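The values are calculated or read from the model by the stated rules, or taken from the named source; none is laboratory data. None of these values were measured; they are calculated from a predicted model. All Cβ positions, even for glycine, are placed from backbone atoms using ideal geometry, and neighbour counts span all protein chains on display.
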Amino acid sequence: MQILFPANCLLCLAACESDLCHACYNNLPQLPSEHCPLCLLPTKDSRVCGNCLKNHPVWTRTIAALQYAFPVDAMIRSLKYQENLTLAPILANLLIAKTNNCPPPDVIIPVPLHPIRLQERGFNQALEISRHISRQMNIPLLPHACVRTRDTLSQTELSWKKRQTNMRNAFECTTNFAHKHVALLDDVMTSGATLNELAKVVRKQGAIEVSVWVITRAIPSTALIKTTEHQTILQNMPYA
C-alpha cells in the first residue's frame, strides 16, 4: 500500500509526509513506562526484576522500539511471512528513534537463521532491518560474524521454559570482538533465550559489552496484570 500511496500513512492511509501519521504513531503499543532495564518486563520504579537478579542475562542492556502487539505485530508478520520487505526500513526507523540516549555499539550483529530456515524463507528479517540501521547510524554490520549451527524448533511452538533448552549451543562465532561493544539485533524478543545464547558466544570472543536491540518485546499478560494490580493497590492505599 505504501508503494501505491507514498504520501499516505501506512496504517490508516491518511495524508502524511512520513511512514505513519501522528495519530497512528502516537497510538503504537509502547512498553510499560516502568520496566526492568535488562528484560523490559514491568517493574516498580524501573528496577532490575527478580528473575534477572537471579538469572542475570549475558547482555548489558536491552532497547526495544515497541511492545509486541497490534498493529506492529502484524507488520512484523507481514515482513517475515509475506515477504513485505518494504516494512524493514519502517520498523528500523522505529528502533532508531529509541537509541538517541544510548551509547552506540561498535558493530551490529543480526540474529542469524539456520541455513535450512534461510532457504525456506529466502531472507533473514533481522538482517534486512539491520541493513537500514547500519546505514542510517553509520555502524558496521557483521552479518556473517556468527552462525546458527542447529536447526532448532521454532520458539513460538514452545513454552517459556522449553525455549531455554531449545537454544542451548545453537550458535558459533569465530570473530574477535576484543574490547568491542556489540549490538545483537532481532525483530521480536519473547523469552530472551535466543539472544542470551548468542550473547554468550559473543562474550566468549572478547566483547566487553553486549546490547540487545529488538523491534518489539513480547510482554506476558500475567506480567501486565500483576503490574496493574500493584499500581491499583498503591493508588488505593491511604497515604497521610
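So which helices (runs of 4 or more DSSP H) are wholly in region 9-81 and hold at least 2 residues that are touching a residue at least 12 places away in the same chain (Cβ under 8 Å), among the small types (G, A, S) and at negative phi? Outline the logic, then answer.
Numbers: elements: 22-26, 50-54, 72-81.
Qualifying helices (runs of 4 or more DSSP H): none found.
When each of C21, C16, C12, C36 is tested for being over 25 Å from E128 (Cβ atoms), in contact with a Cys (Cβ under 7 Å, 6 or more places away or on another chain) and not acidic (D, E), the lone residue that passes is C36. Name every residue in region 177-202 that is under 24 Å from D73 (Cβ atoms) and over 14 Å from the mean Cα position of the chain (by Cα), in order of residue number. Once the filter is applied, which keeps residues that are under 24 Å from D73 (Cβ atoms) and over 14 Å from the mean Cα position of the chain (by Cα), region 177-202 yields only E197.
Quick check, is A64 surrounded by 12 or more Cβ atoms within 10 Å (Cβ to Cβ), small (G, A, S) and farther than 18 Å from T216 by Cα? Break it down stepwise before answering.
Working: surrounded by 12 or more Cβ atoms within 10 Å (Cβ to Cβ): yes; small (G, A, S): yes; farther than 18 Å from T216 by Cα: no.
So A64 does not fit the description; no.
The lone criterion from (1) at pLDDT below 95; (2) more than 30 Å from Q119 (Cβ to Cβ) left unmet by Q67 is number (1).
Of note, L53 does not satisfy the criterion of being among the aliphatic types (A, V, I, L, M) and in contact with a strand residue (DSSP E or B) (Cβ under 7 Å, 6 or more places away or on another chain). The residues of region 133-174 that are at pLDDT 65 or above, part of a loop (DSSP other than H, G, I, E, B) and within 22 Å of I63 (Cβ to Cβ), listed by number, are N138, I139, P140, L142, P143, A145.
Criterion first (of a type outside the set (A, V, I, L, M, F, W, C), outside the structural domain of C102 (by TED's automatic domain parsing) and closer than 25 Å to A74 by Cα) does H22 satisfy it? So H22 fits the description; yes. Within region 82-125, the set of residues being in a loop (DSSP other than H, G, I, E, B), of a type in the set (A, V, I, L, M), closer than 25 Å to I219 by Cβ and touching a residue at least 40 places away in the same chain (Cβ under 8 Å) comprises just one member, V111.
Only a single item in (1) loosely packed, with under 15 Cβ neighbours inside 10 Å; (2) over 23 Å from H181 (Cα atoms) is not met by H56, and it is number (2). For region 191-212, filtered to residues that are touching a Ser or Thr at 6+ places or on another chain (Cβ under 8 Å) and not in a loop (DSSP other than H, G, I, E, B), the residue that is surrounded by the most Cβ atoms within 10 Å (Cβ to Cβ) is V212.
From the list L94, L85, which one is buried (at least 18 other Cβ atoms within 10 Å of the Cβ) and in the same structural domain as T194 (by TED's automatic domain parsing)? One residue alone meets the criteria, L94.
For region 103-121, a tally of residues being surrounded by fewer than 17 Cβ atoms within 10 Å (Cβ to Cβ) and either under 15 Å from the mean Cα position of the chain (by Cα) or polar (S, T, N, Q) (or both) returns 1.
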